[in-house]
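**Q** Mind looking over this structure? Questions follow.
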Amino acid sequence: MKPWMKLRTASRTMPRLLPLAAAWTATRVLMLWLLLQDGRAPLGVGGVAREVHDLYARWYGVLADGTFPAGDRLWQYPPGAGPVLLSPGLLPGLTYFQAFVVLTLATDLLVTVALTRAGTRTGRSLRGAALWTAVLPLLLHIPLARYDVQVTALAVISLLTLSRSTRACGVFAALGALVKVWPALALIGTPRGRTTKEAWTSAAVTAGVLLLALATLFRDPFDFLRQQGGRGVQIESLGGTVLSFARHAGWPGRVGYRYGAMEFTGPYVTSIAAASLALTVVAFGGLLLWRLRARRWTPATPYDAALSAVLLFTVTSRVISPQYMVWLIGLAAVCLTSRHTTQRPVAALITAATAVSALAYPVLYDDVVACTWTGSTLMLVRNGLLVTAAALSFHRLWTAAAPPAAIRPEGTEPSHNSHHLPHETVSAS
C-alpha cells in the first residue's frame, strides 16, 4: 500500500479506534476491580485468584529450581507451560500475583492490537477486536487469574500471521501447543500444498527443538502425562451435565475435588469418560474427512476451521472449565476479522455461552456443585449453547468448503470448468 493510501486509511480508522480503546480500558479496569473483590457478594464463591496466589506461585518455586512438579496431581500441563509460569519473575519489585496479572493484561492488550491491525489492514471490520474487548469481561475476573489469555494469544497470532508467513504461523502454533496442546488445531485449516507443508514442518521443527531444550534444562518434563490420564468427569462438562440431572433421578454418585477440579465419582462415571473420549475421536475423524473433501478455500477458511476444531474438542472434553471460553472468544474474534468468515452466528452463540459460564462460575457455583435444579439447568443451557455452536460451526465449515458440484443448485448441469476453484477463493497452495 502506498504511503498516501496508508495515511488516508489511518485517518478513516482513527475515529473508530478511540471508542475501542476506551472500551478496552474501562472493561479491564472493571475486571481488575472484580479481582480485588474476589469472593465477595454478589460474585459467589471465592478462590478465583487462589490459582495464581497458591498454585502458580508454588509451581514457580519448583520450576525455578530446574524441575517440573513431578508427582503433583495438579500438574497436568505440557512442558511449555513452565516458561509461562516463570515469566512473572521478569518483573522485579512486584509480587508473583501482581506480576502475573500485569503480564496477562499486557498479553490481552497485544491480542486486541493484533486483531485491530488485522481488521484495519485492508479496510476490513473491527468486529474481531470489538468481540474480544467486549466478550472477555463477561467472564468477570477469571481471565486475569488464569494463563489462558497467554495461550490464546499464541493461537491468535499464529492464525493472523498465516497470510504473511506460513513458517511464523507454524512457530506460534507450536509454541501454543507446548503450553496447552489445543493451539496445534490452528493448523487444521491451512490450504493444502506448499502452505500446509511449510506451516506444519515449521511447527514440528519448533516443537522438537523446544522440547529438547526444555528436557535439557528441566527434570521430569513429561510427568504431566501421568496426571492428565487420571482425570475424570468434571461437573461442568457435557457428561457432567448428564450426571447432574441423573442425581435428580436417584443416581447415587457424588461430587468431589480431584485433579484440581470438582468431578463426579460413582457408578457409570468411567463409562461417561470413555464416551467423551470416543466422541473426541469421532470429532477428529470428522475434521480429517472435511480436510480430505474440502475443495474451496477462502482467506477465512483457516480461521473458521480452527474455531470449529476447538469447539468440537471442547464440547467432547471431560473438562469444560470456564477459562476454556477464553480460547473460543479469541478464535471467534479472529474469524470476524475477515469478511469471508462463515462463523458470525457461531460467534453470537459463543458470546451467549460465555455470559452463562460466568453465572455458573463463580456466581452460582455452589448450585452447580450441589446439582440443584438451578445449577443443573445453568450447565444445560451453557453446554447446550456450546453443542449448538459446535454443530453449526462444523456444518457451515463443511458447506463452505464443499466442491462446487456438491452445492450446485438443483436442476443445473455441471459446467466444463466446474473443477476449477471459484475466482474469490484462494489457492490451496
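The values are calculated or read from the model by the stated rules, or taken from the named source; none is laboratory data. Model, not experiment: these values are computed from the prediction. Using ideal geometry, Cβ is built from the backbone for each residue, glycine included, and neighbour counts are taken over all protein chains shown. Heads up: the accessible areas ignore ligands, DNA and RNA and are worked out on the full protein's heavy atoms, side chains in. Shrake-Rupley method; radii C 1.70, N 1.55, O 1.52, S 1.80 Å.
**Q** Given that just one value was derived from the coordinates, which of (1) 20.2; (2) 22.2; (3) 23.5 is mean projected area of the Cα convex hull in nm²?
**A** The value matching this structure is (3).
**Q** While we're looking at this one, here's another question. Peptides 249-256, 142-149, 360-367: what's the order by average Cβ count within 10 Å, highest mean first?
**A** The packing order, highest mean first, is 142-149, 360-367, 249-256.
**Q** Simple spin-label model, 7 Å along Cα-to-Cβ: LEU90 to HIS395 in nm?
**A** Placing both labels 7 Å along Cα→Cβ, they lie 4.4 nm apart.
**Q** So how exposed is CYS335, as accessible area in Å² (1.4 Å probe, rounded to 10)?
**A** Roughly 0 Å² of CYS335 is accessible to a 1.4 Å probe.
**Q** With a length cut of 24 Å (Cα positions projected on each helix's long axis) and a Kyte-Doolittle mean of at least 0.5, go through the chain and give me the DSSP H helices that pass.
**A** What comes out of the filter, once short or polar helices are dropped, is 3-36, 96-120, 194-217, 269-293, 373-400.
**Q** Still on this structure, I have one more. So for region 208-296, Kirkwood radius off the Cα pairs, Stokes-Einstein at 37 °C and 0.692 mPa s: how many µm² s⁻¹? Before the final figure, lay out the partial values.
**A** Numbers: Rh = 16.0 Å.
Using the Kirkwood radius from Cα pairs, D works out to 205 µm²/s.
**Q** Based solely on its DSSP helices, what 222 nm [θ] is calculated for the chain when runs of n ≥ 4 H residues each add -39,500 (n - 2.57) and the sum is averaged over all residues, nearest 500 deg cm²/dmol?
**A** So the helix-based figure for the chain works out to -19500 deg cm²/dmol.
**Q** Which distance in nm do the two modelled labels at LEU292 and THR372 give, with both placed 7 Å along the Cα-to-Cβ direction?
**A** Modelled inter-label distance: 5.0 nm.
**Q** Sort GLU51, GLU263 by heavy-atom solvent-accessible area, probe 1.4 angstrom, most to least. Numbers along the way, then the final one.
**A** Numbers: GLU51 40, GLU263 0 Å².
Of GLU51, GLU263, the descending order of accessible area is GLU51, GLU263.
**Q** Put a dot 7 Å past each Cα toward the Cβ at PHE284 and SER163; how far apart are the dots in nm?
**A** A separation of 3.2 nm, rounded to one decimal place.
**Q** What FRET efficiency would be calculated for the residue pair VAL45, ALA106, taking the C-beta separation as r and a Förster radius of 35 Å, to the nearest 0.05?
**A** Given R0 = 35 Å and the Cβ-Cβ separation, E is 0.80.
**Q** Along the charge dipole of the chain, which of TYR257, VAL102, THR161 sits closest to the positive end, that is, farthest toward it, with unit charges on the beta carbon of Lys, Arg, Asp and Glu (+1, +1, -1, -1)?
**A** THR161
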